[in-house]
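Only one structure is covered here, and it is reproduced in the block below.
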Amino acid sequence: MNRPPVGRYAPWALGIAFAARAQPDIDILVQSLDRLYRSNDSYAEMSMHIVTPHWERTLTMEAWSIGTDRTFVRVLSPAREAGMATLRIGTEMWNYLPNTSSTVRVPPSMMSGAWMGSDITNDDIVKEITWAGDYTYEYTDDTLLTGPLQRGLLYLKLVPKPSTAVVWSSIVCAVDSAAVLPVWERYYDRHGTLIKTVTFSDVGHDLPPFTGPLSESFPELVPYGMMHGSIAQAQGHLGLLEQGVYSQVSCAA
């Protein structure tokens, strides 16, 4: 019997089904996680708080996306960075610098550099990797990876396929079975050493039911062993976007 595509179901409806089963169909779960932040068109208002041993700052931004290969992010504040922008088309990336009114292409040698001074790299912005398509995955109950197992959470282990160009060798993820949202992600290198964690606060029951790939949550990325991190808050909605946002910046590039 053919399985209906997961995109036809709202995540909150999937959550009702997931909560009723100890381990739901893992393919549907992973596809649902992939679709949480994807849509044909999207708009988001975000703030990102960056903390280092020597300084901290908060950026507010707005972002547009069309499909999975075009993204435009513009910084609104603070005043020093206001107007800075990043455009991604496929695997190409450009930064706009308002102080000099110039558009600079980000070369391959700089793709591992920090984006806007955060722990997110330029490469993270460019890549469009999906868990369903670029990883193998399975449920895990290995407490050496998950820590004490918690009721209401599902634990996944994902291993990148040989063709997937990432610097980690595995990801362990905890998912709230009722909200069908990630709670935390842990990234390990080929030696099994934890290299970074991403945690999501305000996930689940305090939020309104999800009716599509939009979210309001607080992901925090912390490189393991480092006294710094980046915390992002995002609020978004779906809607048709003006193609001119991309055409104007593309011409400038």
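The values are calculated or read from the model by the stated rules, or taken from the named source; none is laboratory data. What you see is a predicted model, and the numbers here were worked out from it, not measured in a lab. Every residue, glycine as well, gets a Cβ built from its backbone with ideal geometry; the counts of neighbours run over all protein chains shown.
Here are the numbers for this structure:
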{"item": "Residue in the range 77-87 that is among the β-branched types (Val, Ile, Thr) and either in contact with an Asp or Glu (Cβ under 7 Å, 6 or more places away or on another chain) or over 14 Å from Gly117 (Cβ atoms) (or both) present", "result": "no"}
{"item": "Residues within the range 129-147 that are loosely packed, with under 15 Cβ neighbours inside 10 Å and not β-branched (Val, Ile, Thr), tallied", "result": "7"}
{"item": "Residues (in a strand (DSSP E or B) and either touching a helix residue (DSSP H, G or I) at 6+ places or on another chain (Cβ under 6 Å) or over 18 Å from Thr121 (Cα atoms) (or both)) located in the range 66-89", "result": "Ile66, Arg70, Phe72, Leu76, Ser77, Leu87, Arg88"}
{"item": "Residue among Arg105, Arg151, Arg88 that is more than 21 Å from Asp27 (Cβ to Cβ), basic (Lys, Arg) and within 21 Å of the chain's Cα centre (by Cα)", "result": "Arg88"}
{"item": "Residue check, Ile50 outside any loop (DSSP other than H, G, I, E, B), surrounded by 16 or more Cβ atoms within 10 Å (Cβ to Cβ), of a type in the set (Val, Ile, Thr) and modelled with pLDDT under 85", "result": "yes"}
{"item": "Residue within the range 58-69 that is under 30 Å from Ile28 (Cβ atoms), modelled with pLDDT of 85 or more, surrounded by 18 or more Cβ atoms within 10 Å (Cβ to Cβ) and hydrophobic (A, V, I, L, M, F, W, C) present", "result": "yes"}
{"item": "Residue that is surrounded by the most Cβ atoms within 10 Å (Cβ to Cβ) [pool: residues in the range 70-88 that are within 18 Å of Ile129 (Cα to Cα) and basic (Lys, Arg)]", "result": "Arg88"}
